[in-house]
Amino acid sequence: MSKIKKHNKISLKVIGDDRGSLIALESLDNIPFEIKRVYYIYATRNACKRGLHAHKKLRQMMVCVHGSCKLLLDDGHSKEVLKLNRPDEGVMMNEMMWREMFDFSDDCVLMVLASEHYLESDYIRDYDNFIKKVKINNEG
Ligand code: T46
């Protein structure tokens, strides 16, 4: 099984002084795409799973700015579970990557930067359909 290559953990530079810490996120600089949308997920019930889909074109970077959760990434060949609990670490999620977020702490705030505006037709919400599309892409 190949190792997942479509996501990258990115260390975000912390600008710190004796008042505390600050992290700046900039389009086409430490974020490798133009940011068109930002959303954040919080007050998720611990027993809930979110995500459970892939995107056809959307690229996103996820930062757990507070608390913790787990992120399963699946490129159709192999799966990996990442623990997100650092505001100075981003996870890049490129297109055609199935994702599931779970094990949310009560105080978890997950911020997501996105390369496109919200578009429901970009979602692949059926896992079998996702696997079919991965196979078609691999053949082409
Ligand atoms: C993703 C993971 C990490 C909007 O109206 N605008 C938005 O920008 C978003 C992201 C969602 N919505 C609506 C669509 C649904 O009615 O908010 C509702 C909840 O969205 P969803 O069930 O897709 O949320 P998650 O947490 O399962 O997935 C979200 C993103 O949708 C998705 O792109 O990659 O976070």
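The values are calculated or read from the model by the stated rules, or taken from the named source; none is laboratory data. A quick note: this is a predicted structure, and the numbers were derived from the prediction, not measured. Here the Cβ is made from the backbone with ideal geometry for all residues, glycine too, and neighbour counts use every protein chain on show. Remember, those area values only see protein heavy atoms, side chains included, never the ligands or the DNA or RNA. Shrake-Rupley method; radii C 1.70, N 1.55, O 1.52, S 1.80 Å.
Data for the structure
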{"item": "With Cα atoms, 0 to 90° folded angle of helix 127-139 axis to the chain main axis", "result": "80 degrees"}
{"item": "Rounded to the nearest 20 debye, dipole of the chain from Cβ charges on Lys, Arg, Asp, Glu", "result": "400 debye"}
{"item": "Charge tally in the Cβ shell below 12 Å around Leu22, where Lys, Arg are +1 and Asp, Glu are -1, Leu22 excluded", "result": "0"}
{"item": "Long-range lysine pairs (8 or more apart or interchain), segment 1-84, Cα under 19 Å", "result": "24"}
{"item": "Computed helical MRE - 222 nm, the chain, DSSP H runs ≥ 4 contributing -39500 (n - 2.57), nearest 500", "result": "-3000 deg cm²/dmol"}
{"item": "Accessible area (Å², per residue) of the chain, counting only protein heavy atoms and a probe of 1.4 Å", "result": "60 Å²"}
{"item": "Apportionment of accessible area to carbon and sulfur, the chain, percent (1.4 Å)", "result": "50 percent"}
